[in-house]
1. Kindly provide the set of residues from the stretch 371-386 that are aliphatic (A, V, I, L, M) and over 42 Å from the mean Cα position of the chain (by Cα), ordered by number.
2. Surrounded by 16 or more Cβ atoms within 10 Å (Cβ to Cβ) and part of a loop (DSSP other than H, G, I, E, B), is that true of Gly264?
3. Of the residues that sit in the stretch 441-451 and are part of a loop (DSSP other than H, G, I, E, B) and free of Cβ contacts under 8 Å to residues at least 60 places away in the same chain, which one is nearest to the chain's Cα centre (by Cα)?
4. Inspect all residues belonging to the stretch 454-469 and state whether any of them is open to solvent by 40 Å² or more (accessible area, probe 1.4 Å), farther than 28 Å from Ala183 by Cα, part of a loop (DSSP other than H, G, I, E, B) and touching a helix residue (DSSP H, G or I) at 6+ places or on another chain (Cβ under 8 Å).
5. Among Ala438, Ala534, which is the only one that is within 20 Å of the chain's Cα centre (by Cα), of a type outside the set (D, E, K, R) and open to solvent by 30 Å² or more (accessible area, probe 1.4 Å)?
6. For the stretch 153-160, indicate whether the set of residues that are at pLDDT 95 or above and surrounded by 16 or more Cβ atoms within 10 Å (Cβ to Cβ) is non-empty.
7. Please find, among Asp157, Asp102, Asp121, Asp168, the residue that is in contact with a His (Cβ under 9 Å, 6 or more places away or on another chain), within 30 Å of Arg26 (Cβ to Cβ) and of a type in the set (Asp, Glu).
8. Would you check if there is a residue in the stretch 329-345 being at positive phi, open to solvent by less than 50 Å² (accessible area, probe 1.4 Å) and in contact (Cβ under 8 Å) with a residue 60 or more places away in the chain?
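The values are calculated or read from the model by the stated rules, or taken from the named source; none is laboratory data. On a predicted model such as this, the values are computed, not experimentally measured, just so you know. Backbone-built Cβ (ideal geometry, glycine too); neighbour counts: all protein chains shown. SASA here: full protein model, heavy atoms, side chains in, ligands and nucleic acids out. Shrake-Rupley method; radii C 1.70, N 1.55, O 1.52, S 1.80 Å.
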Amino acid sequence: MAILLAGCASAPPRGPQAGSDKQAQRPGAIAQAIRKQLAAAPTNADPTRAALLRFYQQRDDAPAWFDTETYEPGPAGARFLDYLEHIDTQGLSRRDYIGSTDWAALQTPGARPPAALAHQDIVLSRAFMQLAHDIDRGRVRDASIRSDWRHHAANDDYRQRLSSAVHDGDPGGILDALQPAHARYRQLVAVLAQYRAIQASGGWPRIAAGPTLRAGMHDPRIAALRQRLRIGGDLGDAPATAGSADRYTPRLADAVRHFQRRHGLHADGRVGPNTLTALDVPVAARIDTLKLNLERWRWMPDDFGARYIAVNIPGFSLKAVDHGTTALTMKVIVGGTYNNRATPVFADRMRYLIFRPFWNVPHHIAVDEIIPHAQRDPQYMARHGFQIVRAFGPNATPLAITPEHLQAVVAGRLQVRQAGGPDNALGLVKFMFPNRYAVYLHSTPAGQLFNRDQRDLSHGCVRVARPLALARFALAGRDDWNAKRIDRAMHQGQRQRVNLARPLPVYLMYWTAFVDADGVNFRRDLYGRDLRLARALAALPTDRRSASAPTH
C-alpha cells in the first residue's frame, strides 16, 4: 500500500488542478504578447504607440478590457463595445475606429489565445484614445477646412482618460463628458436620431415637377406634398378633410411657409422651383449635412464668453448674446460666391468702433469698378464722395481728381477712399476686430438689400441690418455712450473712433444645419465648405493608425 501511495503521490496532477496551472500561465503569456505587439508597431505608422506603451507599462502589461479569469470582455470592455455599437448617434462611425474583422472577433464569445486577446485589447485601447480625441476636438485636422476656434494647443491627456475609463468601468461616461457642452450640439444629435428614424421608415416621397403649387389649386401632386410635409414635421398629423386630398388648402400653405422658413427660402406658401428642389432633397443627404455640422461643433470652444457676437454666414444672420440670453438678432449680408469674395470663417475680438468711417477702397475694386466710371464721368467721384490720396490714413490730404491721378491709381501709386457719410459704402459705423483678412462688420446705405432671402452680396465683409442696436450692444460698459449719443455720432460730425469697454468676441461661423424655434434648419452650402469637409472626412484612412492621432 505504501508503494501504491508513493506511486500516486509522484503521478502528474489531473483534472481541475491541471487546468488551473494552465490558466495561471496565461496572464504572463498575454502580457508578453501585449509587449511584443506594441514593440512591433512602427512609430510613424501608429502615433498612439508611445501613449499605449506607457498605459500598459503602468498596468504591468495586463489586459485592460478583458477579464483575467474568463478572458472575455469584462464590464468596462462590454460597455465600451456597446458604446461603439451606438456611436452613430453622434454622427460618427464605429468602422472608423475598429475594422470589420476586428469587430467580428470582438463579438465572438469564448476564451481567446494570448496573442489574439492581446491584439483585441490593444485595438480597444487605441480605439478609445482616437474616439476620445475625435469627440473632443473633431476628426479633421486640415487648417484649410477647419478653424482653430479654441486658440490653444490641444493638451488633453487621453491616456489618462483611458486609464480612468478602465479603472472606473464607465468608458461611455468618460467619452460623453468630452462632447461639446453646447445645447445646439445636443439639439442636432436629437434631430439626427429623428432623421435616421425617418430613413429607416423609408424616407419621404419625391414630388414631381410641374407648375407652381399655390393655395386653392387642385393637383394630383398635392397628396405627395402633404405626406412629405407631415413626415418632415411641418404639417400636423390631422388627416386631410373630405375632398381636400388633392387640394392646396390654407393649412397646407401654412405648412409650406414653415418649411420655407426652415430652409431659408422666401416664405410665400407656394411650391415653386426653389421650394420643390428643397423638398426633394433625400433624407440621406440631410443626415449627411447634420453629421458635418456635428463635426463643426467639435471644433468649437467650450465657452464662447459671457458676451459675444455670432454670425452664421450661410444663414445670413447675426445674434448678440449676453450671459446666455440672445439680446439681439438681425439679418446680415455676407461675401459673394465669386472672385474670392467669400467671408472667411474665423474668430477674433472686437476692440473699437468707427463712426462715419472712410472706406479705403481695395486696389482691385478701385481699378475694376470706380476708375472706369470716373474716366467716363469727371463728376462721378465727387458726386459719390470718392477721394484720391497718397496713402490711407485718417489725416490723409485729398488730391485733385485728374486724369494723371486716375492713372496713378491704376498703377498703384495712389489710393482711392470714400469720405464718411450716408453714401459711404461702409455706412455710418464699422465694428473693428483687426484680423489678417481685413474683414469687419459695418452698416450699409443699401438697406433694401436686406429684403432679399439670399444675401451673398458683399466683397467679404459683413453688412448688418441694425447698426445702431449693434453699436449699443458693443458699447455696453461705456456709460458715456448712450443711444442718443451713438445716433448723433452716426449722423453728424466727422470720423470718430470709440474704444469698447472691453474686447468683445466675434465668431464668423458656417452652419448649414441648426435648430431654432421653427425646428431644424438647413441652409445652402454657400461656399462649398460642406463639400470640402465631406471629402476630407471620406479621405481619412479607415485604419486610423496611419492618421494623425493624439500621442499623450
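1. Passing the criteria: Ala374, Met381, Ala382.
2. Judged against the criteria, Gly264 is a match.
3. Ser443
4. Yes, there is a match, as at least one residue in the stretch 454-469 is open to solvent by 40 Å² or more (accessible area, probe 1.4 Å), farther than 28 Å from Ala183 by Cα, part of a loop (DSSP other than H, G, I, E, B) and touching a helix residue (DSSP H, G or I) at 6+ places or on another chain (Cβ under 8 Å).
5. Unique residue meeting the criteria: Ala534.
6. Scanning the stretch 153-160 turns up no residue that is at pLDDT 95 or above and surrounded by 16 or more Cβ atoms within 10 Å (Cβ to Cβ).
7. Answer to the selection: Asp102.
8. Looking through the stretch 329-345, none of the residues is at positive phi, open to solvent by less than 50 Å² (accessible area, probe 1.4 Å) and in contact (Cβ under 8 Å) with a residue 60 or more places away in the chain.
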